[in-house]
Amino acid sequence: MLASLASIFSLMLSTLLMMVAFGLQSYVVPVRSVAEGWSTQTISLIATGYTVGFTLSCIVTPRFVLMVGHVRVFVALITLLSIGILLCGLVVDWRAWMLFRTVSGFAIAGSYLIIESWLNERVTNENRGSVFSIYLIATMVGTIMGQYLVPIGDPSNTSLFILCGVIFSISLLPTALSSSPLPAPPRQASFRLAALYRRSPVAVVGAFLAGALSGAWLNLGGVFTQRTGLTTAQGATLLAAVLIGSALSQIPIGRASDRMDRRLVMVFCGIIGTASCIAMTFSTGAEPLHLYLIAACIGSVIFPIYALNVAHANDLAQPDEYVEVSSGMLIVYGFGTISGPLAVGPIMERFGPASLFATLAVYFALYAAYAGWRIMRREASDGMVAKTDYQAMPPQPLGGECAAPAAAGTMQQELGEEPLVADTTSPTWRS
């Protein structure tokens, strides 16, 4: 285990530094947008550019890697990340920012792809889960650290934007100078959304709603903190509370879903999310500690639910279909993240910042209701195949789902788990 960690230390360091810059970027952009007096609807359009770029990268980046290799693409993508945030500080216009954020979304998704492909090449089945757990911690710790850099600077000038660009550039060095062997080129996975929906409607609909929830929160949560009068330090703590809640709940939710019908866990998570968001809606202006606790409850379900849908979709797939399922789920999730800011931004503009959580409560309620309806439509024991392992995921799906390494035959190998082989003699169960 220690030998494996030593061989990927530079990769982990690059990841940590990249996520520090990512956390800083994801908070300073909405803070500066509010300071410029832009409407919430305008800010949501800027956010949509990021989600479009992120989704597009998962389709396009593997082709670039096939042409020129991992390292060259990684260098180019980190350079784009630095350029994107520096241009935001240089050209303060919302139309330009929408383009710059599209570039940033494209570059960050591609960077995840490179890092995770490299990780998969350097670990074994025996330590894969442990290494990816450390990787997950690095992404969350880095994001939180970056958010806490905002209070030490002034978002109204270029200092924080320059700092973010510098950190992105520094994150390139450990991996670019690493002597570790290069990973095998990935192959582009095909996806058939109609077939995926016919196989498991609850997984597809749930992935879309999970994307809408995370897209709205990740891009408009910072706007909420500013519109409600929280200081940048208090806002950073609120955002961090959501991530901490997510980190603490991943394992309990995963274990529960491995031991019972995953749809029941989806219903439970939807109920928790609905109640927590309603509580936050009526707690605007309360003591910060009260808000932090509610935010942690929201975080405990807002990010893990996508992993539930991915695991459920793979429960119904054959081993040679995991990559195709993974790609299709990511595209559905991407559509959800695009729709989230577009739908919630105008609502916040008209009804105020608290309406963010009122809208999220509606999404959570739909998530729980649809899973409950599918339970009534089909029994879990009716033709159910063997379960795949639940895989904990960071705040947004990372690059492991964009494409599969050539040596990896299943989604679990991509994400760090040795798969359970499905019972191919059982009929396909549609939930």
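Of note:
- Estimated vicinal HN-Hα couplings, Hz - the stretch 21-38 in sequence order (Karplus 6.51, -1.76, 1.60; Gly, Pro = x): 5, 4, x, 4, 5, 5, 9, 5, 5, x, 5, 5, 4, 5, 4, 6, x, 6
- Phi angles across the stretch 62-76 convert, under the Karplus curve 6.51 cos²θ - 1.76 cosθ + 1.60 with θ = phi - 60°, into 3J(HN,Hα) values of x, 5, 5, 5, 4, 7, 10, x, 5, 5, 5, 5, 4, 4, 5 Hz, Gly and Pro given as x.
- Gyration tensor (alpha-carbon) shape descriptor, the stretch 6-68, a/c threshold 1.5: oblate
- Computed from backbone phi with θ = phi - 60° and the Karplus coefficients 6.51, -1.76 and 1.60, the 3J(HN,Hα) list for the stretch 46-60 is 4, 5, 4, x, 4, 5, 5, x, 4, 5, 4, 4, 5, 9, 8 Hz; x is used for glycine and proline.
- Rg to Rh, two decimals, where the stretch 190-242 supplies the alpha carbon set and Rh follows Kirkwood: 1.26
- Near the amide H of THR284, within less than 5 Å, lie no amide hydrogens of residues on another chain or at least 5 residues away, with H placed in the peptide plane.
- Over all distinct Cα-Cα pairs of the stretch 1-114, the Kirkwood formula returns a hydrodynamic radius of 15.0 Å.
- All alpha carbon pair distances within the stretch 199-307 were sorted into 10 Å bins beginning at 0; the resulting P(r) in whole percents reads 14, 47, 28, 10, 1.
- In the stretch 41-105, the ratio of gyration radius to Kirkwood radius, Rg to Rh, stands at 1.04 when only Cα atoms are counted.
All of the numbers you see were taken from the coordinates with simple rules; none came from a lab. Given the structure is predicted, the values throughout are model-derived calculations rather than measurements.
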